[in-house]
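Presented below is the structure to which this report refers.
The values are calculated or read from the model by the stated rules, or taken from the named source; none is laboratory data. Given the structure is predicted, the values throughout are model-derived calculations rather than measurements. Glycine also receives a Cβ, built like all others from the backbone with ideal geometry; neighbour counts cover every protein chain displayed. What goes into the accessible areas is simple: the full protein's heavy atoms, side chains included, and nothing from ligands, DNA or RNA. Shrake-Rupley method; radii C 1.70, N 1.55, O 1.52, S 1.80 Å.
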Amino acid sequence: AKPEQMKNRAIIDMMEPGSTFKIVSAAAALNEHKVRPDTTIFCENGLWNFGGRPLHDHKAYADLSVRDILVKSSNIGAAKLAISVGDQKFYEYIRRFGFGERTGIELPGEIGGVIRPPQSWSKISITRIPMGHEVGVTPLQMTSAMATIANGGKLVTPRIVKSITTEDGKSVSTFSPVVLRQVISAETAAQIGNALRGVVSDRGTAAAAAVPGFTISGKT
């Protein structure tokens, strides 16, 4: 095998997560009671100048609810949600979701990614990080964050081995899920999960990911 084929990309490779990261800014604003799912945010008709730099949406939107900021994937809306929370509190939520540290999965070589503290941010970072720029995460970290939404707001250590049994089926040991912390309330997690179901619908950006007979939440 070639060396690049032996890399475990899920835990060794780092990426900018892009719009999948918008769950963090939405969850932070909802959990801090800055907004409700139906609160409307003016999304500047697709172009917002902040800190002397333009921020674009992929389509021009005027007013969007917090729910629709996720459904339509508005960069401007996500930025305004993060601003409502503030630099320091938004950073705390990023860390609470597990970014910037190893997940603890039982595999060698895992990296923690790159999350810079607010004192290292530029004046536009608060508008770029919410859409998944200026941060480095592993695919497994992003998956764990999404699972936190599904787990009622609880961050659970990802595992590979559920149990060890003998050849005749006797259990040697069983590994129960380990909850690291309650990241957001169960109510906030349900609100985000509901919005993410809208993403995988005719109204959302991931209609093609819908599976007949299943209720799916997702994020482009």
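Charged side chains reduced to their Cβ positions (Lys and Arg at +1, Asp and Glu at -1) give the chain a dipole of some 160 debye around its Cα centre. Once the 1.4 Å probe is applied to the protein heavy atoms, the stretch 5-133 comes out at 45 Å² accessible per residue.
So how strong a dipole does the stretch 1-78 carry about its Cα centre when Lys and Arg Cβ are +1 and Asp and Glu Cβ are -1, to the nearest 20 debye?
Working: 10 positive and 9 negative charges, 44 e Å.
Dipole size: approximately 200 debye.
Only DSSP H runs of four or more residues enter the estimate; each adds -39500 (n - 2.57), and after division by the residues of the chain the mean residue ellipticity at 222 nm equals -9000 deg cm²/dmol. As a length-normalised measure over Cα pairs under 8 Å and 6 or more apart, the relative contact order of the stretch 71-220 settles at 23 percent.
Among the DSSP helices (H) of the chain, those spanning at least 18 angstrom by Cα along their long axis with an average Kyte-Doolittle hydropathy of -1.0 or more are 186-199; this is a geometric and hydropathy rule only.
Rounded to the nearest percent, how much of the accessible area of the chain (1.4 Å probe, protein heavy atoms only) is carbon and sulfur? The partial results should precede the final answer.
Numbers: 5960 of 11080 Å².
The value for the chain is 54 percent carbon and sulfur by accessible area.
Report note on the peptides 67-76, 165-174, 45-54, 145-154: ranked by the mean count of other C-beta atoms within 10 Å, highest first, their order is 67-76, 145-154, 45-54, 165-174. The structure-derived value of Kirkwood radius over Cα pairs in Å appears in the list (1) 19.0; (2) 18.4; (3) 20.6 under the label (2).
Cα centroid separation, the stretch 1-42 to the stretch 159-218: 15 Å. Both radii come from the Cα set of the stretch 1-57: Rg as radius of gyration, Rh as Kirkwood radius; their ratio Rg/Rh reads 1.20.
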